[in-house]
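The values are calculated or read from the model by the stated rules, or taken from the named source; none is laboratory data. Values in this document were obtained by computation on a predicted structure and should not be read as measured data. Virtual Cβ from ideal backbone geometry, glycine too; neighbours counted across all protein chains shown. For the accessible areas, the whole protein counts, side chains as well, though only heavy atoms, and no ligand, DNA or RNA atoms are used. Shrake-Rupley method; radii C 1.70, N 1.55, O 1.52, S 1.80 Å.
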Amino acid sequence: MPVLPGAEPYRHEGGEIGVLLCHGFTGSPQSLRPWAEHLAERGLTVSLPLLPGHGTRWEDMQLTGWQDWYGEVDRELRSLRQSCAQVFVAGLSMGGALALRLAAKHGDAVSGVIVVNPANKVHGLSAYALPVARHLVRTTKGIASDIAKPGSVELGYDRVPLHAAHSLRNFFRVVDGELPQVTQPLLLLHSPQDHVVPPADSARILSRVSSTDVREILLEQSYHVATLDHDADRIFEESHAFIGRLAPSVGKEGTAAGG
């Protein structure tokens, strides 16, 4: 199936500092494209892959699971490590969980973690029904475009395939068990008004990671897809500053790139 216009993966070859951006469940690189371009304009090497089953039609996602999604970002991280001196991982929603697992599994190969409204659990009674319901019903209503800013739209599926949702639930359990292995500096930004992922998920993550260099920022003006919302610029600037603090050469590269 052809990729939806705007959902294409994004790659920019910049300097020796790399950033891997991970999009969310049923979403696409479109939700993180402005963030990726902001970092690329400042001289960073940026990779924003399209996760398997995403960016085409929900029927394609029905055939994929968390091992496919994680496998894609794991390969991208290894690729960035070959060309970059330092690599940071970042993500939105499920992409935040993917980034946290990369940090847990790759240790020193990841210099820092940035997550926006990271997801940690499938909530509600529906979570308990998933193992059975996925065999009876193929989809439920979509979760895309939880955005406060008028006119801003997320490119995502209007249906959630239940087989994939069941896999997502299992993935969150895996990541939750691995959070104590996350020791890298962590920047966590989350929206108090989020209609997809409750603030409890961010609190859980902050309570379980072993990172000692941790900063939490509240995105008061945004809903779930904060990277396309009123606080987008703040996310971009804070993440660039975070990377610059941990990779001092970033400032020099940004100047050289005209940023």
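One table, with the values for the structure above:
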item	result
The chain - mean residue ellipticity at 222 nm from DSSP helices (-39,500 (n - 2.57) per run, n ≥ 4, rounded to 500)	-12500 deg cm²/dmol
Nearest-0.05 FRET efficiency for Ser207 and Arg234, computed from C-beta distance (R0 30 Å)	0.80
Length-normalised contact order for the chain - Cα pairs under 8 Å, 6+ apart - percent	22 percent
Coil-residue trypsin sites (Lys or Arg not before Pro) of region 1-78, DSSP, other Cβ within 10 Å capped at 16	Arg57
Global geometry of region 108-225, whether rounded, prolate or oblate, following the gyration tensor of its Cα atoms and the 1.5 cut on a/c	oblate
Span from the region 228-248 Cα centroid across to the region 1-78 one, whole angstrom	18 Å
Accessible surface, per residue, of the chain when the full set of protein chains is kept, probe 1.4 Å, Å²	41 Å²
More than 17 angstrom apart: percent of Cα pairs within region 1-100	47 percent
Estimated dipole of the chain in Debye, rounded to 20 [Cβ of Lys and Arg +1, of Asp and Glu -1, Cα centre]	660 debye
Gln221 paired with Gln67, simple spin-label distance in nm, labels 7 Å along Cα-to-beta-carbon	4.5 nm
Point-to-point label distance, Val214-Ser126, nm (Cα→Cβ direction, 7 Å offset)	2.9 nm
Extreme residue, positive dipole direction of region 27-88, given options Leu32, Gln82, Met61 (C-beta unit charges)	Gln82
For the chain, share of DSSP beta bridges that run antiparallel, in % to the nearest 5	20 percent
Whether region 62-174 is rounded, prolate or oblate, judged on the alpha carbon gyration tensor where a/c under 1.5 counts as rounded	prolate
Apportionment of accessible area to carbon and sulfur, the chain, percent (1.4 Å)	51 percent
q = 0.09, 0.11, 0.14, 0.16 Å⁻¹: log10 I(q)/I(0) that the Debye formula gives for the chain, counting C-alpha atoms only	-0.35, -0.53, -0.88, -1.18
